[in-house]
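Q: One structure follows; several queries about it will come next.
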Amino acid sequence: MSEDRFTTERDSFGRLLADREVWRQASTIAAAGELTARWLEGKSQYQAGVFSAGYDDETRAIAGELARLNRNGLFTKESQPGVEAGDLAQRAYVTAFCSPETAMSLLALSTRTSLVTVAHAPGESSSASIPVTVQDGDVVTVLGSSEEPVAEDQLRDWAEESNETLALVLADAWYVEVFDPVWGRNEVLLPAVLEALQAD
C-alpha cells in the first residue's frame, strides 16, 4: 500500500515523486539531457530545477526540437520560441549546460550564422543583460548571466533536486545561451543548434 502511494505521491509543485527517483541516478550531462528529453515528450512529470509538473504552453510547439537537443550533448535549462504578437516580442533562445567542446561548437555557430552564443566558463559570473522578451514596452526577460551552481546554497539546491554528483558536474560544466537576434523569428535557432551539435 505504501509503495502504491509512492507511485502517485506528488510534491508541493505537483511533480510526481516516482519520476524524481531517476534523477537520483543521473550523474552526467548526457543522463540529465535524456531525462529532460523524456519530460519534454510527456513521459515524466518531474524535471529537476523546474517547479511544475510540466512545461508552459509556449514550449509545446518546440518541445520535440528541444528533446533532440537534449539527446545531442545539452542539458537545457530555459528556452522560448520567437514571437511577435501585439505588445509581445520575443527572441527565440535556449540555454543549457554542456561540455567545453560543445560550448566551442556553439560559439563557432556565432561566426557562421546570424545567431549569437554567450558562453560562460565554469564558475564565471556575468552581469550582462541582453533583452529577449519585451511586453508592453518593458523588458521582462534577459540573458547574459551564468547559471552554474557555484555558491554553496546553489549546489545544495541542485543536489536536492537531483543528486550531489550531478550538482558538482553542473558546477564544472560550461553554460551557454544561444539566441536569435531577430525578434519573432522561430524557424532558425533550434535547427541550427542541432546541426552544430551533430557536427561536433
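The values are calculated or read from the model by the stated rules, or taken from the named source; none is laboratory data. If you're wondering where the values come from, they're calculated on a predicted model, not measured in any experiment. Virtual Cβ from ideal backbone geometry, glycine too; neighbours counted across all protein chains shown. Keep in mind that these areas ignore ligands, DNA and RNA; they rest on the heavy atoms of the full protein, side chains included. Shrake-Rupley method; radii C 1.70, N 1.55, O 1.52, S 1.80 Å.
Q: Report every pair of residues separated by at least 6 positions or lying on different chains whose Cβ atoms are under 9 Å apart, first residue within region 147-159 and part of a loop (DSSP other than H, G, I, E, B), second β-branched (Val, Ile, Thr) and surrounded by 17 or more Cβ atoms within 10 Å (Cβ to Cβ).
A: As it stands, the answer is GLU147/THR95, since those pairs meet every condition given.
Q: Tell me which of these MET1 doesn't satisfy, since it passes every other one: (1) modelled with pLDDT of 90 or more; (2) open to solvent by 70 Å² or more (accessible area, probe 1.4 Å).
A: (1)
Q: Let me ask something additional. Which of the residues belonging to region 87-112 are at pLDDT 95 or above and among the β-branched types (Val, Ile, Thr)?
A: VAL94, THR95, THR102
Q: For region 112-146, enumerate the residues that are under 16 Å from the mean Cα position of the chain (by Cα), surrounded by fewer than 16 Cβ atoms within 10 Å (Cβ to Cβ) and either free of Cβ contacts under 8 Å to residues at least 12 places away in the same chain or under 19 Å from VAL188 (Cα atoms) (or both).
A: Hits for region 112-146: nothing passes.
Q: Let me ask another. Taking LEU109, is it open to solvent by less than 40 Å² (accessible area, probe 1.4 Å) and either β-branched (Val, Ile, Thr) or touching a helix residue (DSSP H, G or I) at 6+ places or on another chain (Cβ under 7 Å) (or both)? Talk me through it step by step, then tell me what you get.
A: Working: open to solvent by less than 40 Å² (accessible area, probe 1.4 Å): yes; either β-branched (Val, Ile, Thr) or touching a helix residue (DSSP H, G or I) at 6+ places or on another chain (Cβ under 7 Å) (or both): yes.
Taking the combined requirement at face value, the residue satisfies it.
Q: Turning to a different aspect of this structure: With the structure loaded, tell me whether ARG20 is loosely packed, with under 15 Cβ neighbours inside 10 Å, more than 22 Å from ALA103 (Cα to Cα) and either at pLDDT 90 or above or not small (Gly, Ala, Ser) (or both) or whether it fails that test.
A: So ARG20 does not fit the description; no.
Q: May I pose another question? Assess whether ALA32 counts as being part of a loop (DSSP other than H, G, I, E, B), of a type in the set (A, V, I, L, M) and buried (at least 18 other Cβ atoms within 10 Å of the Cβ).
A: Against the criterion (part of a loop (DSSP other than H, G, I, E, B), of a type in the set (A, V, I, L, M) and buried (at least 18 other Cβ atoms within 10 Å of the Cβ)), ALA32 does not qualify.
Q: Out of curiosity, is VAL139 part of a strand (DSSP E or B) and either modelled with pLDDT of 95 or more or of a type outside the set (Asp, Glu) (or both)?
A: So VAL139 passes the test.
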